[in-house]
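What follows draws every value from the coordinates through simple rules; no lab data is involved. Bear in mind that the values here come from a model prediction, so they are computed numbers and not experimental data. With ideal geometry, Cβ positions are generated from the backbone for all residues, glycine too; neighbour counts draw on all protein chains shown.
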Amino acid sequence: MPARFVLHDHRRPSPHFDLRLEEDGVLRSWAVPKGLPTDRHHDRLAIAVDDHELDHVDYEDEHKSIADTGTWEAEDRDERRLVLVLHGRTGSRRYALIHTGGTQWLLHLTRDQSVNKG
């Protein structure tokens, strides 16, 4: 079964998005204050936060809604970078999560967007 992802639109304590990737029985999670990048010239800050339980993949409440969901796959990975493809409701996009130190990451929309359907 393909690994799932969810992008939560979280309204409290301040508006931000949470990107969660299913891996090793949990949802690896990053808070992304301005949401996923929409062009490759504007990277977005992503702050690693605690892993979440898998039941969070379809969790919603009065402060949290699902902005996108689907499956994801890792294309390349090392200790500093994860290149991944999100196969969401409106299509597939390739991103790189680049670790810049501590809990800080950059989320980058890659130049090459020729991705296969997942």
Report task. Please go through the range 66-99 and pick out each residue that is under 23 Å from PRO15 (Cβ atoms) and of a type in the set (Ser, Thr, Tyr). Result -> THR69, THR90, TYR95
Requested in this report: Kindly indicate whether any position in the range 81-103 is of a type in the set (Gly, Ala, Ser), under 21 Å from PRO2 (Cβ atoms) and free of Cβ contacts under 8 Å to residues at least 12 places away in the same chain.
Outcome: yes
Query raised in the report: Across the range 60-74, which residue is surrounded by the fewest Cβ atoms within 10 Å (Cβ to Cβ) among those that are more than 13 Å from LEU7 (Cβ to Cβ) and under 14 Å from the mean Cα position of the chain (by Cα)?
Result: ALA74
Report summary line: The one condition ARG93 fails out of (1) buried (at least 16 other Cβ atoms within 10 Å of the Cβ); (2) over 16 Å from PRO37 (Cβ atoms); (3) basic (Lys, Arg) is (2)
Query - Matching strands (runs of 3 or more DSSP E) fully within the range 4-52 where at least 3 residues are of a type in the set (D, E, K, R) - result: 16-23, 44-52
Requested in this report: Kindly indicate whether any position in the range 5-13 is surrounded by fewer than 16 Cβ atoms within 10 Å (Cβ to Cβ) and within 26 Å of VAL115 (Cα to Cα).
Outcome: no
